[in-house]
Structures are given as structure tokens and as C-alpha cells.
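Some notes on the structure that comes next.
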Amino acid sequence: MSEDSAPAGQQSDRLPDHPAASVAPPGLLELFLAFARMSLAGFGGVLVFARRAIVEQHRWMTADEFNETFALCHFLPGPNIVNLSMVFGSRLRGIAGGVAAFAGLLLPPTLIMMVVAIVYARFGDLDVLRRSLAGISCAAVGLLIAVVFRMMTPLLKRTEPLALILMLGVFLAVGLLRLPLQAVLLVAIPVSIGATYILRRKVAA
């Protein structure tokens, strides 16, 4: 069966993996509004909504490109999603694009949180409010787990043993053995870069 004749559901599932080069880069206002929507929708964390908007909705990046960009931002100091807004915006529209995405990400929730902080300072002891916040926390954890599995999908599709071994090794070192993150990164980063370089040279040869 050809791709054109495939069921509609299957085509939509493959859309995030299509090349994003054919999509026109967004303007500064579009970047600002896109990241503003992400931040306003991102209860419990913006990463879930950022990936959905960038990869699936606007198709500004492929799933692999998003993973690579997020990996870079994860190793930089500061909040990952803030780093992502700057790197992503700068990649598409230079420094001005980075500033537009950064402003869109932080300005709306900052204004809202100022109001919420005032309300919480006055009514924070109410039992109903505490229970509501506990429920929101559970939903946030579920969203985070969901996006982790979505980001793992490209790695699992390629079935590269080295990538899976490195991913499992870092998980065991940080998640189970409780080793310091800085020490794990000092080992994992050069090992992953070196191994990837060697494998690509073998493929090219």
C-alpha cells in the first residue's frame, strides 16, 4: 500500500517525523505568540506543550531535531525550557528571534503569577486550594512522563544499540545509583560524542 493510500490515522502519526525544511520559518510576532501560548497552556511544565507545538502542530522541527536541541539545552546552565526558547528562536530568526521566543515564554506567566501570588498570600491557607494544587501536581507528573516517552520514540525507531545503551546507562547512574549529575555528564558527553563520531565515520566509509 502506498503512502498516499494509507489510512488517515497512520498518516497523521507520521507527520512529526517528516522533514521540517519545507515549512516557512515563523516571523518574530509568530514566535512570540507561539511561545506565549505554550507558556499559558503549560500547567505543570511547558516542555510537553512546546514539543507538541514545535514538532506536531507547526512542524518547525522534526522529532530528532527537537531531541537534539533539547539535549543541548539540557546541558546548558539555567532552566531547560528557557534555554530552548532562546536556542530555537535564534536558530530561526537570529538574536531577535531568540528574544521574541524568550519574551513570549516568560512575560505572560510572569504577569499571571504576580496576580496569583497576591491571591495565594491572602487565601493560601484554605484547604480547598491546597487540594487543588495537589491534583495539579499529579497531572503535571503524568504530562511529563508522556512527553518523555514521545521523545524516546525516535531513538527506539532507529534501534541504535549504542544510543539505547547510553540512555540506559545515564538513567541507571542518575536515577538509581544517585550519582552526581555533573560527574555523570562529564563521562557521558565525551563518550556519546566520540562513539557517534566513530560510528558515522564507519557508515561514511
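Just to verify a result, which residue in the range 19-37, among those that are hydrophobic (A, V, I, L, M, F, W, C) and modelled with pLDDT under 90, is farthest from Ile112 (Cα to Cα)?
At the first step, the residues of the range 19-37 found to be hydrophobic (A, V, I, L, M, F, W, C) are 20-21, 23-24, 28-29, 31-36.
Now narrow it down to the ones that are modelled with pLDDT under 90: 20-21, 23-24.
Values: Ala20: 33, Ala21: 35, Val23: 33, Ala24: 32 Å.
The extreme case among them is Ala21.
Can you name every residue in the range 73-86 that is buried (at least 19 other Cβ atoms within 10 Å of the Cβ) and modelled with pLDDT of 90 or more?
Asn83, Leu84, Ser85, Met86
Only one of these is more than 20 Å from Thr153 (Cβ to Cβ) and modelled with pLDDT of 90 or more: Ala41, Ala101. Name it.
When all the criteria are applied, what remains is Ala101.
Limited to the range 180-192, what total is found for residues that are in a helix (DSSP H, G or I) and more than 17 Å from Pro161 (Cβ to Cβ)? Break it down into steps so the answer makes sense when it comes.
Initially, the range 180-192 is screened for residues in a helix (DSSP H, G or I), giving 181-192.
Okay, now just the ones that are also more than 17 Å from Pro161 (Cβ to Cβ), so 181-187, 189-190.
Total meeting the criteria: 9.
Would you check if Ser132 is in a helix (DSSP H, G or I) and modelled with pLDDT of 80 or more?
Values: in a helix (DSSP H, G or I): yes; modelled with pLDDT of 80 or more: no.
Considered against the rule, which asks whether it is in a helix (DSSP H, G or I) and modelled with pLDDT of 80 or more, Ser132 comes out as no.
What about Leu186, is it modelled with pLDDT under 75 and closer than 26 Å to Asn67 by Cβ? Please lay out each step first, then the result.
Numbers: modelled with pLDDT under 75: no; closer than 26 Å to Asn67 by Cβ: yes.
Here the answer is no, as Leu186 does not meet what is asked.
Tell me the residue from Arg51, Arg37 that is buried (at least 18 other Cβ atoms within 10 Å of the Cβ), in a helix (DSSP H, G or I) and charged (D, E, K, R), please.
On the way: Arg37 fails: buried (at least 18 other Cβ atoms within 10 Å of the Cβ).
Going through Arg51, Arg37 in turn, just one is buried (at least 18 other Cβ atoms within 10 Å of the Cβ), in a helix (DSSP H, G or I) and charged (D, E, K, R): Arg51.
The values are calculated or read from the model by the stated rules, or taken from the named source; none is laboratory data. Keep in mind that this is a model prediction, so the values were computed, not measured. In this analysis, Cβ positions are derived from the backbone assuming ideal geometry, glycine residues included, and neighbour counts consider all displayed protein chains.
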